[in-house]
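Participant: Next up is a structure, given as C-alpha cells.
None of the figures in this text is laboratory data; all of them are computed from the coordinates on show. Owing to the predicted nature of the structure, the values given are computational and were not obtained by experimental measurement. Here the Cβ positions follow ideal geometry from the backbone for every residue, glycine too, while neighbour counts run over all protein chains shown.
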Amino acid sequence: MLLYWIWFSQLADLSVLQKHRLLERFRDPENIYYASAEALTERNLTDKQAKSLQQKDLVEAEQILIQCRRKGIGVFTLMDAAYPNRLRNTTDAPLVLYYNGILPDWDECPFIGIVGTRKASGYGLQVAHQMGSQIAAGGGMIVSGGAFGVDTAAMQGALDARKPCVGVLGCGVDVVYPSSNRRLFARVVEDGCLLSEYPPGTKPLHWHFPHRNRIISGICNGILVAEAPEKSGALITANLALEQGRDVFTVPGNINTASCAGSNQLLQEGAMAVFSGWDVLKEYESCYPGVVKMPQKDSVAPEQASGWKVAENTELPGKMQKNPEKDEKIPIDNERISTYSVLNNKQTALNEEEQAILALLTRHPQEPADIIARAQLPSGRVLSVLTVLTVKGLVLKHPGGRVSLK
C-alpha cells in the first residue's frame, strides 16, 4: 500500500541502503510496519534506528498523499511498473518518486543527462543548448537538474526543439527553484515531467543537490558534461554514472577557462569527446533502431543562445528565502562553501584519496557504510581517511558513527 511506502521512505536515521536491506528481508514496507521489535532488532540496527522503525504514526504520510492529490502530483514506488528500470537496478534507488507532468516511457529511447556548472560561460550555455536541442531532435530524451546555467540551457534546448524533457529536482516538484525557472518548469510539465524523491513542499536544502545526482545518472543511458570546473557537482554526477555503468561524454572546452577545467580533465580520464548531439546519439543507434536519427539542423541558431545571462551569485541555498517569488540566484558551484566542492583552502593540502572521500560527503550526516560503498576502496582505508579528515577539521562525527562535512 502506497501509504506504507511513503511512511518508510520518510523514516529518519536509516540510510537508503539500509532500507533496501530491510526490504530484501521483509519484501514490503507494510510488513516492516507490522513487524515486531524483536524481528527488526535482528537486522543489526542501532538502538536509534530500531527506535525510528517503531514510529508508527502515519499522519505525515497521509498528509503527503493529501497534498499530492490536491496539487495533481503523481507518486510511484520502487515496485511499480512506472519506475525506471535502469534506476531500479542501482544500489541506492529511491523508494518513492514524485512527479508533476507526464511520465515518459523510460525504455523507449536513449535518456541523456546533460549536466554542468551553474556559473557557466557564454560558451558553456551555447553548447548546453545546442546539445539539448540536437539530442532531443534526434530522438533522445534530455534529463537535467533544472538549476542555473548548463541545466537550464540544456532543458531549454530540448523544449525549443519541441521535444519533452525530464527535470530531476533537489526539492519538491511543486517548489520552483530557482524561481527564475518558473516559466521553464511550466513548459516542462506540459509534455515532460519534473521528478523528485522529496515530497511536495520540500525546500531546496543544499545537501539535496548532490544526493539527487544519483537519480539523474540512474535513469540515463549516458551523461554529457557540457562545462564544469574542477570539483564541480557535475563531476560527481559523472563519477556516479561510471559507477552505475553509464557512458560519460564531454564537450572539449577552452584550456584557459577555469569553468572548463573539470570537463577537460574528464577527457584525459577517458570520457568520450563529442562535438555534436549526433556524436552522443550514434552510440545508441543500434539499441533504438528507428528511434534515433541524425538531426537535420539545430532548432535554435547558436547565436541566439550565446546572449543568455550567466549566473552571477554562487552561494549555496541555506534556508528558504523569505520571499521565494523574488528572483534571487543561489547557485551551488562556489569553491569556498559548496558541499561537493572545496570547503576551504585546506583542501589543497589533501592527497588524492582524502579529496576523493571528501567529495562524497555532504553536510547531511551519512553512514560510513554508504561512503565505503561509493568510494570503491577497502573499508579500513576509508575509515582511516575519515579519521584523518576529522583531525584536519574538515569532517564532523555524529552519534551512531555517522559523518558529515563540517
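Participant: Can you find, among Ser9, Thr46, Thr250, the residue farthest towards the positive end of the dipole of the chain? Put +1 on the C-beta of Lys and Arg, -1 on that of Asp and Glu.
Facilitator: Result: Thr46.
Participant: Within a 10 angstrom radius of the beta carbon, how do Glu108, Glu367 rank from fewest other beta carbons to most?
Facilitator: Placing the least packed residue first, the sequence is Glu108, Glu367.
Participant: Sorted from fewest to most neighbouring beta carbons within 10 Å, what does the list Thr152, Thr362 look like?
Facilitator: By the 10 Å Cβ count, ascending: Thr362, Thr152.
Participant: Based on alpha-carbon centroids, what's the gap between region 103-129 and region 146-219 in Å, whole number please?
Facilitator: 11
Participant: In the structure shown, do any of Lys231/Lys282; Lys119/Lys406; Lys19/Lys48 have a Cα-Cα gap over 20 Å, and if so which?
Facilitator: Correct reply: Lys231/Lys282; Lys119/Lys406.
Participant: Check Glu227: other-chain or 5+ apart residues with amide H under 5 Å from its amide H, H built from backbone geometry?
Facilitator: Correct list: Thr117.
Participant: Something else now. Under the Karplus relation 6.51 cos²θ - 1.76 cosθ + 1.60, θ = phi - 60°, what is the ordered set of whole-Hz ³J(HN,Hα) values for region 353-369, x standing for Gly and Pro?
Facilitator: Calculated HN-Hα couplings, in order: 5, 5, 5, 5, 5, 4, 5, 8, 8, 10, 7, 8, x, 10, 6, x, 4 Hz.
Participant: Sticking with this one: Stretch Gln10-Cys287 to full length: gain in nm at 0.36 nm per residue minus the Cα-Cα span?
Facilitator: Value of the extension gain: 96.0 nm.
Participant: Another question, then. Run the helix sum for the chain: -39,500 (n - 2.57) per DSSP H stretch of 4+ residues, divided by residue count, reported at 222 nm to the nearest 500 deg cm²/dmol.
Facilitator: That calculation yields -11000 deg cm²/dmol at 222 nm.
Participant: While we're on this one: Determine the shape class of region 345-405: with a ≥ b ≥ c the square roots of the Cα gyration tensor eigenvalues, call it rounded for a/c under 1.5, and otherwise prolate if a/b is greater than b/c, oblate otherwise.
Facilitator: Oblate is the answer for region 345-405, as a/c is 1.5 or above yet b/c matches or exceeds a/b.
Participant: Follow-up question, since we're still on this one. Among Ser133, Gly270, Val168, whose Cα lies farthest out toward the positive end of the dipole of region 101-305, if unit charges sit on the beta carbon of Lys, Arg (+1) and Asp, Glu (-1)?
Facilitator: Of the candidates, Val168 comes out farthest on the positive side.
Participant: Skipping prolines and chain starts, which residues have an amide H placed within reach, meaning under 5 Å, of the one on Thr362, given they are 5 or more residues away or on another chain?
Facilitator: Leu405
Participant: Just grab the label-to-label distance for Thr387 and Ala258, each label 7 Å out from Cα along the Cβ direction, in nm (one decimal).
Facilitator: Taking the simple label geometry, Thr387 and Ala258 are separated by 3.6 nm.
Participant: Additional query: Taking 0.36 nm per intervening residue step and subtracting the Cα-Cα distance, what contour gain separates Val59 from Glu108 on full extension?
Facilitator: Stretched out fully, the Val59 to Glu108 stretch lengthens by 13.9 nm.
Participant: Treating the angle as unsigned and between 0 and 90°, give the value, to the nearest 10°, between the Cα long axis of helix 182-191 and the longest Cα principal axis of the chain.
Facilitator: 90
Participant: What does the charge count near Ser404 come to, summing +1 for each Lys or Arg and -1 for each Asp or Glu among other residues with Cβ under 9 Å from its Cβ?
Facilitator: +4
Participant: Moving on to the next point. Which residues' amide hydrogens lie under 5 Å from the amide hydrogen of Val168, considering only partners 5 or more residues apart or on another chain, with H built in the peptide plane?
Facilitator: Placed amide hydrogens put Ser144, Gly145, Gly146, Leu195 under 5 Å from Val168.
Participant: If you rank His208, His364, His129, His398 by fewest surrounding Cβ atoms within 10 Å, what's the result?
Facilitator: Ascending number of Cβ neighbours within 10 Å: His398, His364, His208, His129.
Participant: Using θ = phi - 60° and the Karplus relation 6.51 cos²θ - 1.76 cosθ + 1.60, list the HN-Hα couplings for region 381-391 in order, rounded to whole Hz, with x at every Gly or Pro.
Facilitator: 5, 4, 5, 5, 5, 4, 5, 4, 5, 5, 4
Participant: Now, a different point. Nearest 20 debye, what's the magnitude of the dipole of region 151-301 about its Cα centre given +1 on Lys and Arg Cβ and -1 on Asp and Glu Cβ?
Facilitator: 340
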